[in-house]
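Engineer: Quick one: the structure is below, questions incoming.
Every number in this text was worked out from the coordinates using simple rules, so none of it is lab data. Because the structure is predicted, anything quoted here is derived from the model rather than measured. Counting neighbours? That spans all protein chains shown, and the Cβs are built from the backbone with ideal geometry, glycine included.
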Amino acid sequence: MLLKSIELSGFKSFAKKSTLEFSSPISAIVGPNGSGKSNVAEAFRFVLGEQSIKSLRGKKGEDLIFNGAGDSARANRASAKLVFDNTKKFLNIDFPEVAIERVVHRDGVNEYLINGSAVRLKDVIELLASAHIGSSGHHIISQGEADRILNSNMRERRAMLEDALGLKIYQYKRAESERKLEKTVENIASVESLRREIAPHLRFLKKQVEKMEKAVELKNTLVTLAKHYLKREDIYVKANRKNIEGKIAPLEKKKKELEGELAQARKVLEDSKDKDAKREEVIELERKIQGARSERDSLIQELGRIQGQIDSEERILKKQKEIVASAAGKTVLLVDVESFASNIKEKVSAILAQGEVSIIKKIAEEIRQIFSDFIKSHREKADDKVIKESEEALAELGAKRKEIDGKLALAKGREESLQKEYQKIQSAIEKEKDTSRDAEKSLFRIMSEENTVVIELAQEKEKLNTLALVEADFNREREECAMLGGREVLDYASLVLEEGLEERSIQDERRRELQKIKIRLEDSGLGGSDETMKEYQETSERDTFLARELEDLTKSAESLRELIAELGEKLDIEFKEGINKINEEFQKYFALMFGGGTAGLKVVREKVKIKSDTDLEMDEEMLEGSAETLEESLADKEGIEIEVNLPRKKIKGLMMLSGGERALTSIALLFAMSQVNPPPFIILDETDAALDEANSRKYGDMIENLAKQSQLILITHNRETMSRAGIIYGVTMGGGGVSKVLSIQFEEAVSVAK
């Protein structure tokens, strides 16, 4: 026995806990009308997952709960529990005993439990479907429903037969697959929509990234060239400084020594007692020469400083001209943009107001020309404010240089004049053979040497000043390259090059190339590259993810379509094979009930008319966009027809059968359905009510034969049927409106009697 018991608590008229155990192949439930015996059949439907409260003779879930009567208080919940013996594993769950329970509360909340663990209704349905058990299947025939299969239309009959053949699990899987396919198609549309949304932005970012990649490549070129240039320039500056400073140091020392000797010689002359006019003149000229020389040196230094500023401004001016000449250096005033936008808005408004294509094309051409003119005018226009400032600064510095050049020329002229006068006195004194002139001669010698040293020292210092300008350019170039190429540029010191100085023309060419790259790099707008790269990477990854998801969804949809087709094909094959098996049993039971005759099921195509005079748009959609105008369309659907031929009567249609004949036919068919794919149990609720005594005996024989395949729970008033039961439960109802259960077990009674 697969079905062990059913336990009711608070369900309809069963106020208290009541248990019916089914230890016999045939169990009967009897009792007077209104005692609540049919509530047992409804309890089976309830616990097996019936969702139609109307099928359970109620309007809402609360109607299933005992509502109180007499001394019995109303219940707050109703429950029904079925217990199965699962030692043969007919249920796909790893328990030797399976208890399926359903509880409904007064707030309408339902609970489903399997062996005491809360589960979903879906879990219960799937578990039972594998054993061909359902809430409203062919194995539960309630009072008044025995004739339902005959009264149903062809499509409804097919559904009942599919249920009887255990095809519900395939239908459930197909319906589930169709729901998944519908959801998958929606997801595909959603993902495609998302990809369409990000596609333009992704294309834009891709172009920006391509520019950035070119800029990065340009930056790498800049770093390589800059490191080479800076290394060479560093070598040049250091080598020349070392060389110049190596020459200046001994000259400074020599000059200092000569100045000491000169001071000593001057003191000798000043302290001499034999002073004369020439001696005094020599001393005075020497002082004037020293003053003129100091003035000249100061002017030379000032001229070098001015020249450095001029060189710096010239570089700034050149760079600004190059920037202005490039596209990135173009600026557009806000007032020009606002005027341009206003003009475009007017043209667009004109397009919207027009209906003629020719005029719209003409206005569109005008808009194109406006764009072209705007770009052209601003490409040719340059913001030369900085250039003008640099030119003004250069003009001012040039004037200062000219002024200092004039002063320097005067200082040099004065020094030369003093030197000539000094040489005249020197010549005159040297002609004199007087030994008293030795002091003057010594002074002349020292001053001559000092003049030579001063000239050489001035030349070296001039070189040092020029080198300082080169070094300033070097430092400025290093800062600019580091700003554009990053701190990597500053690692030029680690670069290994060939020893020795190269020609300056090579370095000058290298510098010109470096300037070109810097301008191109500034024009590329590499500043926000990190953010753009990051955004492109994120957007690209999202698009790739969506593409993969779309591919997965497409594959999933295709798999679902294949599964649906396979399930449909399997349903069709197994249904037709099942019909053949049912027909064999149906013929056997029909002949047994009627003493002959023929009966069978036939698969036919039912033609359904789809009217076109109402809901025309819906019909056209159902016809999948057909362009033809139709008054009606035919849709073929498969259904089941029942063909019967009674013995000794010319009756071949169901409409011609009497009430008793219809009852016998439906019972024969139901029993035939149960024999083909036997369920664990069958509940027959007064299906024998319309049978006479003779047919009741035939009915009794049939149920005994049927009990060999399935447990039978019979709700009956028929004595013949009762006599076939191994256990009878009597249901009574007292004055309190509460159903009570009494049991009689014939097998035990017989054994006791013996």
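Engineer: Given an 8 Å cut-off on Cα distances and at least 6 residues of separation, report the relative contact order of the chain as a percent.
Structural biologist: That works out to 25 percent.
Engineer: Using a 10 Å cut-off around each Cβ, can you sort E286, E281 from fewest to most neighbouring Cβ atoms?
Structural biologist: On the way: E286 21, E281 15.
Placing the least packed residue first, the sequence is E281, E286.
Engineer: Using the number of other C-beta atoms within 10 angstrom as an exposure proxy, rank T539, T544, T184 with the fewest first.
Structural biologist: So the residues, fewest neighbours to most, are T544, T539, T184.
Engineer: Which of the listed residues, P679, I744, M1, is farthest toward the dipole's positive end in the chain, when Lys, Arg count +1 and Asp, Glu count -1 at the beta-carbon?
Structural biologist: Farthest towards the positive pole: I744.
Engineer: Sorted by mean Cβ packing within 10 Å, highest first, what order do the peptides 67-80, 664-677, 682-695 take?
Structural biologist: 664-677, 682-695, 67-80
Engineer: Report the extension gain between D85 and L501 in nm, rounded to one decimal, defined as 0.36 nm multiplied by the number of residues separating them, less their alpha carbon distance.
Structural biologist: Extending this stretch completely gives an extra 139.5 nm.
Engineer: Starting from 0.36 nm per residue, how many nanometres of slack lie between K407 and K256 once their C-alpha separation is accounted for?
Structural biologist: Taking 0.36 nm per residue and subtracting the Cα distance, the gain is 51.7 nm.
Engineer: Continuing with this model, one more query. Quick one: if you stick a label point 7 Å off each Cα along the C-beta vector at D297 and R74, how many nm between them?
Structural biologist: With each label placed 7 Å out from Cα toward Cβ, I get 12.1 nm.
Engineer: What size of dipole, in debye to the nearest 20, comes out for the stretch 500-575 about its Cα centre when the only charges are +1 on Lys and Arg C-beta atoms and -1 on Asp and Glu C-beta atoms?
Structural biologist: 740
Engineer: DSSP beta bridges in the chain, what fraction antiparallel, as a percent rounded to 5?
Structural biologist: 75
Engineer: Right, something else. Between Q309 and D491, take the C-beta separation as r, use R0 = 30 Å, and let me know the FRET efficiency to the nearest 0.05.
Structural biologist: Computed FRET efficiency for Q309 and D491 comes out at 0.45.
Engineer: In the chain, with Lys and Arg counted as +1 and Asp and Glu as -1 at Cβ, which of these residues, S540, S342, A689, has the Cα nearest the positive end of the dipole, that is, farthest along it?
Structural biologist: Checking the options against the dipole of the chain, the answer is A689.
Engineer: Then there's this: Calculated FRET efficiency, V348 and R195, Cβ-Cβ r, R0 22 Å, to nearest 0.05?
Structural biologist: The calculated FRET efficiency here is 0.15.
Engineer: To continue, here is another question. In 10 Å bins starting at zero, report the fraction of Cα pairs in the chain per bin as a rounded %.
Structural biologist: Per 10 Å bin, starting at 0, the Cα pair percentages come out as 2, 9, 11, 11, 9, 7, 6, 6, 7, 7, 6, 5, 4, 4, 3, 2, 1, 0, 0.
Engineer: Could you calculate the contour length gain from M656 to K180, that is, 0.36 nm times the residue separation minus the distance between their Cα atoms, to one decimal place in nm? All intermediate terms of the calculation are to be shown ahead of the outcome.
Structural biologist: On the way: separation 476, 0.36 × 476 = 171.36 nm, distance 4.61 nm.
Taking M656 through K180 to full extension adds about 166.7 nm, to one decimal.
Engineer: Along the Cα-to-C-beta direction of E574, a point sits 7 Å from the Cα; which residues of the stretch 92-134 have their amide N less than 19 Å from that point?
Structural biologist: Zone members listed by number: 92-93, 123-134.
Engineer: Over 21 Å between Cα atoms: which of K122/K576; K214/K516; K207/K347; K288/K407; K576/K602; K400/K516 fall into that group?
Structural biologist: Long pairs (Cα-Cα over 21 Å): K122/K576; K207/K347; K400/K516.
Engineer: Could you size up the charge dipole of the stretch 157-230 around its Cα centre, putting +1 on the beta carbon of Lys and Arg and -1 on that of Asp and Glu, and report it in debye to the nearest 20?
Structural biologist: 160
Engineer: Still on this model: Quick one: if you stick a label point 7 Å off each Cα along the C-beta vector at F545 and K318, how many nm between them?
Structural biologist: 5.2
Engineer: Continuing with the same structure: Pop the C-beta distance of A591 and I188 into the FRET formula with R0 = 41 Å and round what comes out to the nearest 0.05.
Structural biologist: 0.15
Engineer: Let me ask another. Which value in deg cm²/dmol, rounded to the nearest 500, describes the helix-derived mean residue ellipticity at 222 nm for the chain, given -39,500 (n - 2.57) per DSSP H run of n ≥ 4 and division by the residue count?
Structural biologist: -22000 deg cm²/dmol, from helical runs alone.
Engineer: Any idea how far apart K247 and I425 come out in nm if each label point goes 7 Å out from Cα toward Cβ?
Structural biologist: Simple spin-label model gives 3.2 nm for this pair.
Engineer: Would you mind working out the magnitude of the charge dipole of the chain relative to its Cα centre, with +1 at each Lys and Arg C-beta and -1 at each Asp and Glu C-beta, to the nearest 20 Debye?
Structural biologist: It comes to approximately 1380 debye.
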